């Protein structure tokens, strides 16, 4: 029986730079690295606490998700990290050279404030930051 | 400060079919759905327990991850679910019409047994099943 989600894998062109990004910039705990010869792959594992899988589908046949589906037909779309101060994290990441998709947060699911980091700034991964409404 | 991974988003062409897949075929708990008008998006949230982010990079400059990087330059690669009986789940999912990438499990990270489900069977998402070694 399938018992749990084990991991989300991200393919990265620069292993050391990506480890630094997920540990230092996104604040995750690096558990360790392992070479998997059978898969010709280097791996690095980071612990993440309980989270969610979110399925997303266009509302009324338009919007950015429709554009993604038109191009790719479906697939893994983004990672979302929670923050307790979205404006401070936006400023911190901008100062590190990250490109944000908007100058100010917008409203996302559950009425939260959200902002997206451009995939070109993060190994091709679209990253969302979210701050819950108080 | 970034405090935690909140969710992994999957763009899906058929909302109802994808909800059924993640709930019935992959065994996750559906928490609810929400329309996010500001993003022109329908969303469905599933709870997942603590998991990991795995960065993957080619070992010795070859293998399937190198192929992915050559094509995409990096990005979200796959979801992995743990199972306590990989052979039973392979048979169950094959009977439901899922296409598996190998007839028998192979050896993955941590010495586990792994098998992959073809993205064409799952909304464009490459899905790995893993069974830990005893």
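Note on A:33-39: average number of Cβ atoms from other chains within 10 Å of each residue's Cβ is 6. Over the Cα atoms of chain B, the radius of gyration divided by the Kirkwood radius equals 0.97; this is the Rg/Rh ratio. For the segment A:105-114, counting C-beta atoms of other chains within 10 Å of every residue's C-beta and taking the mean gives 4. Diffusion coefficient (Stokes-Einstein, Kirkwood radius over C-alpha pairs, 20 °C, 1.002 mPa s) for segment B:1-61: 152 µm²/s, rounded to a whole number.
When each of A:84, B:123 is scored by the number of other beta-carbon atoms lying within 10 Å, the sequence from fewest to most is A:84, B:123.
For segment A:76-94 versus segment B:64-134, the spacing of their alpha-carbon centroids is 30 Å. To the nearest ten degrees, helix A:86-95 and the longest principal axis of the Cα atoms of chain A are 60 degrees apart. Shielding by partners for peptide B:59-67, expressed as the average number of C-beta atoms from other protein chains within 10 Å of each residue's C-beta, is 5. For segment A:1-51, the relative contact order comes to 24 percent (Cα pairs under 8 Å, sequence separation of at least 6).
For residue B:101, put the label point 7 Å out on the Cα→Cβ axis and report which residues of segment A:3-19 keep their amide N under 16 Å from it. Taking a point 7 Å out along Cα→Cβ of residue B:101, the residues of segment A:3-19 whose backbone N falls under 16 Å are A:6-12. Across the protein assembly as shown, the convex hull enclosing all Cα atoms gives 121 Å³ per residue.
FYI, it's all coordinate maths here, none of it is from the lab. Just so it is clear, the structure is predicted and the values come from calculations on it, not from any experiment. Neighbour counts run over all protein chains shown; Cβ positions are idealised from the backbone, glycine included.
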